[in-house]
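Visitor: First, the structure itself, so that you have it in front of you.
Rule-based calculations on the coordinates, nothing more; no lab input. Please read all numbers here as calculations on a predicted model, not as lab measurements. Here the Cβ positions follow ideal geometry from the backbone for every residue, glycine too, while neighbour counts run over all protein chains shown.
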Amino acid sequence: MTHRPAETGTTRKLYVTEYHKYQDHMLRLDEESRRMRFGMAVDDRFITDYTQRLNDMKSIVYAHMIGGEVRAAAELRPLAGQMRGEAEAAFSVEKSHQDSGIGTELLGRIVRAARNRSITRVYMNCLAENRKMQRIAKKYDAILEFDAGDVVGRVAPSSAHAFSIWREAVEDEMGFVMAVLDLQRRFMPAA
């Protein structure tokens, strides 16, 4: 595995009003990356339908943004409809940004978000051939179980503490500023 340093960009939580950027990212995924993300081949319509339901699923989406575009993302979705107990995490990284450490950073954000919401288990399902995701999960002490061609990774986040809650709050504030600046750049005429 070749490891490149992550390109200059920011990793932050996406706001509901920015979910179209997540959709654009998912639509840019090549066929193999889509299959690795969803565990099966999916078309544009599937992705559009899926991303339009994110808010209904009560998902939290972290994104790695470069030049105002989402290039990688991690999603934390509660299994029981509320952010307590158990949740599922899913990841996507555009081909040109893989092997750069972004997936590891995103999983760290997901684990902390889960910890701060009293989620006791985070499940990550992936295809048995998705060795990259399995390596990333092991960095966070995931227990991997192989089942009929799939792998289920299970991470048990530690309990929330003042520093983890503070750090997420500070990052959310910085993320909000970055979102406002990005919005401003989109609507300002080019000089």
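Visitor: Work out the FRET efficiency for Glu145 and Asn55 from their Cβ-Cβ distance, taking R0 = 35 Å, and round it to the nearest 0.05.
Guide: After rounding to 0.05, the efficiency reads 0.70.
Visitor: Between Ala162 and Leu27, what is 0.36 nm times their sequence separation minus the Cα-Cα distance? Round to one decimal in nm.
Guide: So the extension gain works out to 44.8 nm.
Visitor: Most exposed first by the Cβ proxy, i.e. fewest other Cβ within 10 Å, how do Ile136, Ile110, Ile143 rank?
Guide: Ordered by Cβ neighbours within 10 Å, fewest first: Ile143, Ile136, Ile110.
Visitor: Taking the Cα centroid of segment 16-40 and of segment 128-191, what is the distance between the two, rounded to the nearest whole Å?
Guide: 15
Visitor: Work out how far the C-alpha atoms of the chain reach from end to end along every principal axis, then list the three figures in whole Å, largest first.
Guide: Projected onto its principal axes, the Cα set of the chain covers 55, 41, 35 Å.
Visitor: Only counting other Cβ atoms within 10 Å, I'd like Tyr15, Tyr22 sorted with the fewest neighbours first.
Guide: Ordered from fewest to most neighbouring Cβ atoms within 10 Å, Tyr15, Tyr22 come out as Tyr15, Tyr22.
Visitor: Could you work out the relative contact order of the chain? I mean the mean sequence separation of Cα pairs under 8 Å and 6+ apart, divided by the number of residues, in percent.
Guide: In percent, rounded to a whole number, it is 19.
Visitor: Quick one: which residues, 5 or more positions from Leu127 or on another chain, have an amide H under 5 Å from its amide H? H modelled 1.01 Å from N in the peptide plane, none for Pro or chain starts.
Guide: When sequence neighbours closer than 5 places are left aside, the close amide H contacts are Val151.
Visitor: As a footprinting exposure proxy, order Glu168, Glu75 by other Cβ within 10 Å, with the fewest listed first.
Guide: Glu168, Glu75
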